[in-house]
Amino acid sequence: MTLRRSQLNLRCPAESEYVAPVRHALGAFLAALEFERQSLDDVTTAAGEALANIVEHAYRRSPETAERYLQLLAKIDAAGTLSLVVSDGGTFIERPPVKGRGFGLRIMRAIAGSLNIDTSEGTCVRMTFRAKR
Amino acid sequence: MNDHDSISVVSLGGELEIGRKDEIREALAAARDAESVLVDLSAVTYADSIALTELLRFCVGAQQDERPVALVIATPQFARLVQYAGLSEAFTIFDNVPEAREYLGARTPR
């Protein structure tokens, strides 16, 4: 398959029951782009961690009236680099590390080629992957 | 859940993720007082850090009581997740049930 610019953009309520469908959609998108199994699993694992983090923490300090959403944007460029942006409209809370918790960020760091977290407006996790296809 | 010997078996399959947090916790809690526990995760197709945290909580508790726990993880995604989280040393992991059973059998009073 020739490399083509493609993107997937999903926005859902920030509820736990939406995490698996969003992850599955990302998996299907990567499968269509002929990602090999391990890369596909790793990228969807990293995405799953970012999404679960939103559901668990993002809106804890938000007013009841706030729209609670999660958003995933996956883009592949012509060179074959995949960028993944997982974002929310919540309030980022700096949490002290707790022993036996907080493995999500460690997992994302282990998988992604680069990882950047922007908390200026909601939380926006940007990851890139040089995935094998 | 009890096996023919004193090894309790907890079996979980499918996708172990945030939406099933309570179910995972409850399934493990059912084996809280067992002498030894085989957690059969061989039918798991995907796992996330929420599932790992529940497993870790259970295993640390069992360790404190000196009750052996063996996990069976056969899915590559799950096996890599444990590595990525830096938890390879925190669990006793086998890739098949017979070996896990053998390990526990040697550590479980009959």
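The values are calculated or read from the model by the stated rules, or taken from the named source; none is laboratory data. Everything numeric in this text was worked out from a predicted model, so none of it was measured. Here the Cβ positions follow ideal geometry from the backbone for every residue, glycine too, while neighbour counts run over all protein chains shown.
Some points to look at:
- Residues in the stretch A:3-18 that are out of contact with any strand residue (DSSP E or B) (no Cβ under 8 Å at 6 or more places or on another chain) and surrounded by 13 or more Cβ atoms within 10 Å (Cβ to Cβ): A:GLU15, A:SER16.
- B:ARG67 vs. criteria in a loop (DSSP other than H, G, I, E, B) and either modelled with pLDDT of 95 or more or of a type in the set (D, E, K, R) (or both): yes
- Checked against the criterion of being without any contact (Cβ under 8 Å) to a residue 12 or more places away in the chain and of a type outside the set (Gly, Ala, Ser), the candidates A:ARG23, A:ARG37, A:ARG61 yield just one match: A:ARG37.
The rows are residues; the columns are (1) more than 18 Å from B:TYR46 (Cα to Cα); (2) modelled with pLDDT of 95 or more.
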residue	(1), (2)
A:PHE35	no, no
A:ASP42	no, yes
A:HIS57	yes, no
A:VAL86	yes, yes
A:ILE93	yes, no
A:ALA110	no, yes
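- For the stretch B:76-110, residues that are farther than 17 Å from B:GLU54 by Cβ, hydroxyl-bearing (Ser, Thr, Tyr) and not in a helix (DSSP H, G or I) total 2.
- Considering only residues in the stretch B:9-40 that are in a helix (DSSP H, G or I) and among the small types (Gly, Ala, Ser), the one that is modelled with the lowest pLDDT turns out to be B:GLY19.
- Any hit, the stretch A:121-129, residues being among the aromatic types (Phe, Trp, Tyr), in contact with a helix residue (DSSP H, G or I) (Cβ under 7 Å, 6 or more places away or on another chain) and either modelled with pLDDT of 95 or more or in a strand (DSSP E or B) (or both): yes
- Filtered residue count, the stretch B:1-25, keeping only those that are more than 13 Å from the chain's Cα centre (by Cα), more than 13 Å from chain A (Cβ to nearest Cβ) and free of Cβ contacts under 8 Å to residues at least 60 places away in the same chain: 4
- Test: residue in the stretch B:40-56 that is away from chain A (no Cβ under 14 Å), touching a Leu at 6+ places or on another chain (Cβ under 7 Å) and either buried (at least 21 other Cβ atoms within 10 Å of the Cβ) or not charged (D, E, K, R) (or both): yes
- Output for the stretch A:104-119, where each listed residue is in contact (Cβ under 8 Å) with a residue 24 or more places away in the chain and within 7 Å of chain B (Cβ to nearest Cβ): A:GLY104, A:ILE107, A:ILE111
- Considering the stretch A:40-74, and only residues there that are crowded, with 18+ Cβ neighbours inside 10 Å and polar (S, T, N, Q), the residue that is nearest to the other protein chains (Cβ to nearest Cβ) turns out to be A:THR45.
- When the stretch B:57-110 is filtered for residues that are surrounded by 20 or more Cβ atoms within 10 Å (Cβ to Cβ), within 11 Å of chain A (Cβ to nearest Cβ), under 13 Å from the mean Cα position of the chain (by Cα) and under 16 Å from B:SER42 (Cα atoms), the ones remaining, listed by number, are B:PHE78, B:VAL82.
- Test: B:SER6 is at pLDDT 95 or above and among the polar types (S, T, N, Q): no
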